[in-house]
Amino acid sequence: MSNLIAAAAFFVLLHLLVSGTRLRDALTGRIGQGPYMGLFSLASVAGLAWLGFAFAQARSEPATPLWTVGEASRHVQVGLQLLAMLLIVPGLTTPNPTSVRQEDVLERPDAVKGMVRITRHPFLWGVAVWAFGHLVVNGEPAALVLFGAMLALALFGTASIDAKRRRTLGPAYDAFTSQTSNVPFAAILSGRQTLNLGEIGAWRLLAAVAVWAALALGHPYLFGVAALP
């Protein structure tokens, strides 16, 4: 378990204490944007691999579940994973100045469009829902460390990205945040935005459902555990 805790801490702190802080600014100023992105990507891949192997090792060790999982929880989990994919897939495929190397989207007149009207961080909120759903049906200590770390990273990551973009983009990003919200639907409920499902694109929603179905059906083969009740 100590190896898993160390891997989770490394992965979370790499993103929150390096990627989203002034340390990143100092590193890019010293070695350049390209080399920094290359090194950070390598560190992220290594961290994910470490996290995966450590989780598998921790799950093989005897442990008492921290909570029980009922049939209702499994049905809730299926719905949460669908919601997660409906955020993740459109979030990854919608132009967004919060995404990696898409800062120039701010220059477009339609920068706030589709999923960005719902939240300016659709991918991270999707990861948060994904992680929370896995916590619902996994009471083992190892699962709490893994999915709890991913949930914390996703939630705190939204604020980290906002701070990073605000430092580099200044007033242009402030104008963008004034029209959008971090928390899903908050800008719509406050009247700063309107919901426009047509802008999201039917193909993005269908792709999200297809990914969800593929993962749900393939879960036993990919991860050794059934996802469907």
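The values are calculated or read from the model by the stated rules, or taken from the named source; none is laboratory data. Just so it is clear, the model here is predicted, and its values are computed rather than measured. Neighbour counts run over all protein chains shown; Cβ positions are idealised from the backbone, glycine included.
Structure data summary
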{"read-out": "Condition check for GLN77: of a type outside the set (A, V, I, L, M, F, W, C), out of contact with any Lys or Arg (no Cβ under 7 Å at 6 or more places or on another chain) and either at positive phi or not assigned by TED's automatic domain parsing to the domain that holds VAL129 (or both)", "value": "no"}
{"read-out": "Scope segment 202-229; condition under 30 Å from ALA72 (Cβ atoms), without any contact (Cβ under 8 Å) to a residue 12 or more places away in the chain and in a helix (DSSP H, G or I); matching residues", "value": "LEU206, ALA210, ALA213, ALA214, LEU217, GLY218, HIS219, PRO220, TYR221, LEU222, PHE223"}
{"read-out": "Selection from segment 97-119 of residues that are closer than 26 Å to GLY34 by Cβ and crowded, with 21+ Cβ neighbours inside 10 Å", "value": "PRO97, THR98"}
{"read-out": "Segments classed as helices (runs of 4 or more DSSP H), wholly inside segment 1-96, with at least 2 members that are surrounded by 18 or more Cβ atoms within 10 Å (Cβ to Cβ) and not aliphatic (A, V, I, L, M)", "value": "33-59, 71-93"}
{"read-out": "Any hit, segment 157-173, residues being closer than 30 Å to MET1 by Cα, exposed (fewer than 15 other Cβ atoms within 10 Å of the Cβ) and under 17 Å from the mean Cα position of the chain (by Cα)", "value": "yes"}
{"read-out": "Count of segment 10-63 residues which are farther than 16 Å from ALA143 by Cβ, touching a residue at least 40 places away in the same chain (Cβ under 8 Å) and small (Gly, Ala, Ser)", "value": "3"}
{"read-out": "LEU51 vs. criteria in contact with a helix residue (DSSP H, G or I) (Cβ under 6 Å, 6 or more places away or on another chain) and modelled with pLDDT of 85 or more", "value": "yes"}
{"read-out": "Segment 94-136, residues that are among the basic types (Lys, Arg) and over 18 Å from ALA186 (Cβ atoms)", "value": "ARG101, ARG108"}
{"read-out": "Leading residue by the ranking (surrounded by the most Cβ atoms within 10 Å (Cβ to Cβ)) among those in segment 176-201 that are polar (S, T, N, Q) and outside any helix (DSSP H, G or I)", "value": "THR180"}
{"read-out": "From the options THR158, THR180, THR168, residue that is among the β-branched types (Val, Ile, Thr), assigned by TED's automatic domain parsing to the domain that holds LEU92, in contact (Cβ under 8 Å) with a residue 12 or more places away in the chain and in contact with a Phe, Trp or Tyr (Cβ under 8 Å, 6 or more places away or on another chain)", "value": "THR158"}
{"read-out": "Subset tally (residues that are under 19 Å from VAL145 (Cα atoms) and out of contact with any His (no Cβ under 9 Å at 6 or more places or on another chain)) for segment 48-89", "value": "22"}
